[in-house]
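Below is one structure, written out as structure tokens; the observations come after it.
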Amino acid sequence: MAVSQASIIDSLEQACSNLNPDEFIFSFLDAYGFPKSTITRLRNGGDSRNVAEGEDIGLKKKLYFRAVPAGKDINAEAESLRSSDVIARNDIRFVIVTDFESMVSFDLKADERLEIAFGELDKNYAFFLPLAGYEKAVIYSEHPADLKASEKMGQLFDLKLLAALEAFADD
């Protein structure tokens, strides 16, 4: 079942305003529609689905979450995770590091970075929409050769149209 964007915003708003650092990641996963069974197994520990090391939470091809103590450099943590073996080995898409005051996240597939105050997560929910199955649209600019060719085709059409109109006017 698809998750609505409104329910994601509401759930994230609740998770941030009623913050329980030990439960946050599970609320986050629930907001984006992860199965309850997966969340329960991750919460109870010892699940082979958790590809993370230590207290972190990681789901293959999905996300890697690390909570750090206040005052620790979350940018440095996120950068070191981004280039770590565990991320590459498990084809992780999102790297999320927070001290519950700020959050730094990477979308490794789209090559995008998000750095926000923790309380602004609900306003930036769209960054993580691929977790709920909503892919981001990628717009490619036209190749200059294609633009030039289409301009030439347009000019040719205009010339042919003009010639046809002149021939029609002569009749």
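The values are calculated or read from the model by the stated rules, or taken from the named source; none is laboratory data. The model shown is predicted, which means the values in this text are computed figures rather than measured ones. No Cβ is skipped: glycine too gets one built from the backbone with ideal geometry, and neighbour counts run over all protein chains shown.
Every listed requirement among (1) polar (S, T, N, Q); (2) surrounded by 13 or more Cβ atoms within 10 Å (Cβ to Cβ); (3) under 19 Å from the mean Cα position of the chain (by Cα); (4) at pLDDT below 90 is met by S4 save one, (2).
Kindly indicate whether N124 is surrounded by 14 or more Cβ atoms within 10 Å (Cβ to Cβ), free of Cβ contacts under 8 Å to residues at least 60 places away in the same chain and either within 14 Å of the chain's Cα centre (by Cα) or farther than 30 Å from P21 by Cα (or both). Taking the combined requirement at face value, the residue satisfies it. For the range 37-48, the criterion of being surrounded by fewer than 17 Cβ atoms within 10 Å (Cβ to Cβ), in the same structural domain as F118 (by TED's automatic domain parsing) and in contact (Cβ under 8 Å) with a residue 24 or more places away in the chain is met by no residue. Against the list (1) over 18 Å from G133 (Cα atoms); (2) touching a Pro at 6+ places or on another chain (Cβ under 9 Å); (3) without any contact (Cβ under 8 Å) to a residue 60 or more places away in the chain, the condition F100 fails is (3). When V97, V86 are checked against the criterion of being in the same structural domain as L114 (by TED's automatic domain parsing), in contact with a Lys or Arg (Cβ under 8 Å, 6 or more places away or on another chain) and among the hydrophobic types (A, V, I, L, M, F, W, C), V97 stands alone in meeting it.
Please determine, by comparing only the residues of the range 31-55 that are part of a loop (DSSP other than H, G, I, E, B) and small (G, A, S), which one is modelled with the lowest pLDDT. Full working, then the answer.
Residues of the range 31-55 part of a loop (DSSP other than H, G, I, E, B): 32-35, 45-49, 51-55.
Now restrict to residues that are small (G, A, S): 33, 45-46, 48, 52, 54.
Numbers: G33: 93, G45: 74, G46: 64, S48: 75, A52: 87, G54: 84.
In this case the residue turns out to be G46.
If we only count helices (runs of 4 or more DSSP H) wholly inside the range 67-171, which ones have 2 or more residues that are within 25 Å of V51 (Cβ to Cβ)?
Answer list for the range 67-171: 74-82, 85-89.
As for the range 68-90, it holds at least one residue that is of a type in the set (V, I, T), surrounded by 17 or more Cβ atoms within 10 Å (Cβ to Cβ) and under 17 Å from the mean Cα position of the chain (by Cα).
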